1. Of all the residues that make up region 84-109, how many are among the hydrophobic types (A, V, I, L, M, F, W, C) and over 10 Å from the mean Cα position of the chain (by Cα)?
2. Considering each residue of region 17-55, count those that are more than 26 Å from A92 (Cβ to Cβ) and surrounded by fewer than 13 Cβ atoms within 10 Å (Cβ to Cβ), and give that number.
3. Taking region 112-162, which residues are closer than 30 Å to R85 by Cβ, of a type in the set (S, T, N, Q) and surrounded by 14 or more Cβ atoms within 10 Å (Cβ to Cβ)?
4. When both residues are 6+ apart or on different chains and their Cβ atoms are under 8 Å apart, which pairs have a first residue that lies in region 6-17 and is hydroxyl-bearing (S, T, Y), and a second that is surrounded by 10 or more Cβ atoms within 10 Å (Cβ to Cβ) and in a helix (DSSP H, G or I)?
5. Under 7 Å by Cβ, and 6 or more places apart or on different chains, what pairs join a residue from region 75-86 that is modelled with pLDDT of 90 or more with one that is assigned to a helix (DSSP H, G or I)?
6. Considering only region 27-68, how many residues are assigned to a helix (DSSP H, G or I), over 33 Å from the mean Cα position of the chain (by Cα) and not hydroxyl-bearing (S, T, Y)?
7. Only one of Y106, Y83 is closer than 30 Å to P125 by Cα, of a type outside the set (S, T, N, Q) and surrounded by 13 or more Cβ atoms within 10 Å (Cβ to Cβ); which?
Amino acid sequence: MGNIDLEQLANTQKANAEVMVALVRTAFGGVEKLAALNLAASRGFFNSGAANTRQLMGVKDPQELVAINSSLARPGVDKMLEYSRGLYDVAASMQKEITSAMEAQYASFAKNASIAIEKGASSAPAGGDVFGAAMQQMLQASTQAYDNMSLMARQMAEIADANLKAAPSASAKPAATPKADPASKTAAPAAAKKK
């Protein structure tokens with residue numbers, strides 16, 4: 001069994017602890033942003049709900065109710081989109097911070113593993129180079145898999161970002177109103193004449 005380098009082990013543990021502290025800080029920062037977003041959204045929804053209720057209580061006739069009802073729906077949709085964007089921004093920010101920390105940690109791991117494999121191969125007995133080559137190939141394969149997963153995660157984040165940016169323009173289009181059936185217009189007066 002080889003000698004354990006205590007200084008290298010201590011440095012590795014220190015680096016791991018720093019990564020964990022950074023991840024915990026990121027998590028707490030995300031929770032703090034999420035709580036602030038939820039509080040602001042709750043306050044906004046409550047205030048607009050109270051204002052909408054006051055408006056509805058002042059309605060005098062059905063035509064006014066129809067006009068007010070259609071004007072009340074749009075701000076709610078806009079607030080939900082704004083909340084969704086805020087939620088996405090918090091999640092995207094946390095994801096970027098966590099990804100950068102994990103990428104740095106993985107790069108350090110890959111570098112240290114490669115150095116250890118090279119040291120092991122140079123001091124290995126005859127035939128040990130085959131084991132070293134196999135370990136190097138495993139390290140390269142895991143690095144390739146990690147890079148592919150990171151690329152896929154970035155692409156998914158870009159797609160989600162594009163969809164979120166497209167949502168306001170899609171919701172701004174007015175909904176199509178159903179056309180009344182011409183037969184029902186003539187049937188109603190005829191039914192009224194029979195009575």
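The values are calculated or read from the model by the stated rules, or taken from the named source; none is laboratory data. Source: prediction; values computed, not measured. Cβ coordinates were reconstructed from backbone atoms using ideal geometry, including for glycine residues, and neighbour counts include every protein chain displayed.
1. Going through region 84-109, the residues among the hydrophobic types (A, V, I, L, M, F, W, C) turn out to be 87, 90-92, 94, 98, 101-102, 104, 107, 109.
This time we only want the ones that are over 10 Å from the mean Cα position of the chain (by Cα), so: 98, 101-102, 104, 107, 109.
Selection size over region 84-109: 6.
2. Residues meeting the conditions: 8.
3. S150
4. These pairs meet every condition: T12/N112.
5. Y83/A41; G86/L37
6. Initial filter on region 27-68 (assigned to a helix (DSSP H, G or I)): 27-57, 62-68.
Now restrict to residues that are over 33 Å from the mean Cα position of the chain (by Cα): 53-57, 62-68.
Filter once more, keeping what is not hydroxyl-bearing (S, T, Y): 54-57, 62-68.
Going through region 27-68 one residue at a time, the tally reaches 11.
7. Details: Y83 fails: closer than 30 Å to P125 by Cα.
None of the others qualify; the one that does is Y106.
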